[in-house]
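The values are calculated or read from the model by the stated rules, or taken from the named source; none is laboratory data. It should be emphasised that the depicted structure is a prediction, and the values quoted were computed from it without experimental measurement. Cβ: placed from backbone, ideal geometry, glycine included. Neighbour counts: every protein chain shown. To get the accessible areas, we keep the full protein, side chains included, count just its heavy atoms, and leave off ligands, DNA and RNA. Shrake-Rupley method; radii C 1.70, N 1.55, O 1.52, S 1.80 Å.
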Amino acid sequence: MSSNKRIKGISVTRPFYFGNIAMPLTGKKAADSDHTHKWTVMVRGINNEDLSYYIKKVVFKLHETYANPLRTVEQPPFEVSETGWGEFEIMIKIHFQAVTSEKPVTLYHHLRLHPYEDDPSGKPWPADRPVSSFIYDELIFNEPTEQFYQILSEHNALTSNLPAKKPNKDNPTVPQFSVQLEQEELERLDHAQREVNMQIMQLRQQMAAIEQDRYKS
Ligand code: SLL
């Protein structure tokens, strides 16, 4: 029988992401107020996994310039859409279903409205292209209760199931978190590390040459 007893030595990892998309307001909406952007902040499962079997509610704490800055979302999609004029830090508190016996987890997200870079081809960011800022993260449930373990198992959630490949479509509202993306990032880091090592070696050689010249004179 499943119970609230915790299973020793087991930990279950659930991948997810959080962040925001934003678009400049256009036309009448922009002219009628000092708001410049519409945006959505969200907590999502990878591959659109419905998280409500373990997440009970998500509380988003907006900047105090907003009416009712504490926004509680009790069912998926766990997201808040608003319009506004400025960027700020959003506190995101995830409350878990009672069956999990887990304490809430607090995350922070810097709401991003502006592109801080040109688009990947080097041209200026097109005005109608949404800006997004997403962070991949994992919730780790150490020693889950027997009951929660059972539920995770029923949802095929005992292994991370991060998709192997990036989706083909470049949809800015859906980040491409996958094993492939992780691999590409690791390769970039590895390349940068080798580049730095090479520069260090060159500088060492230059230094050695200078030292030798000093001895000679
Ligand atoms: C800034 N430190 O100055 C930040 C604060 C606050 C943004 C940004 C309110 C919208 C409304 C809004 O956009 N606040 O009036 O409802 O950039």
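Is it the case that some residue within the stretch 24-35 is part of a strand (DSSP E or B), within 16 Å of the ligand (Cβ to nearest atom) and at pLDDT below 95?
yes
Failed condition for residue 132, given (1) in a helix (DSSP H, G or I); (2) among the polar types (S, T, N, Q); (3) closer than 22 Å to residue 84 by Cα, with all others met?
Single failed check for residue 132: (1).
Residue 47 passes all but one of (1) within 15 Å of the chain's Cα centre (by Cα); (2) part of a strand (DSSP E or B); (3) not aliphatic (A, V, I, L, M); which number fails?
So residue 47 meets the others, but not (2).
What are the residues in the stretch 137-185 that are open to solvent by 50 Å² or more (accessible area, probe 1.4 Å), under 25 Å from residue 89 (Cβ atoms) and assigned to a strand (DSSP E or B), if any?
137, 138, 140
Within the stretch 92-113, can one find any residue that is more than 30 Å from residue 10 (Cβ to Cβ), within 23 Å of the chain's Cα centre (by Cα) and exposed (fewer than 11 other Cβ atoms within 10 Å of the Cβ)?
No, the stretch 92-113 contains no residue that is more than 30 Å from residue 10 (Cβ to Cβ), within 23 Å of the chain's Cα centre (by Cα) and exposed (fewer than 11 other Cβ atoms within 10 Å of the Cβ).
What number of residues within the stretch 1-46 are farther than 18 Å from residue 149 by Cβ, among the small types (Gly, Ala, Ser) and open to solvent by less than 60 Å² (accessible area, probe 1.4 Å)?
Residues flagged as farther than 18 Å from residue 149 by Cβ, among the small types (Gly, Ala, Ser) and open to solvent by less than 60 Å² (accessible area, probe 1.4 Å) within the stretch 1-46 amount to 6.
Taking the options 153, 133, name whichever one is in contact with a Gly (Cβ under 9 Å, 6 or more places away or on another chain), among the polar types (S, T, N, Q) and at pLDDT 90 or above.
133
Determine, yes or no, whether residue 134 is surrounded by 15 or more Cβ atoms within 10 Å (Cβ to Cβ), within 28 Å of residue 5 (Cα to Cα) and either away from the ligand (no atom under 16 Å from the Cβ) or outside the structural domain of residue 39 (by TED's automatic domain parsing) (or both).
Values: surrounded by 15 or more Cβ atoms within 10 Å (Cβ to Cβ): yes; within 28 Å of residue 5 (Cα to Cα): no; either away from the ligand (no atom under 16 Å from the Cβ) or outside the structural domain of residue 39 (by TED's automatic domain parsing) (or both): yes.
Answer is no for this residue.
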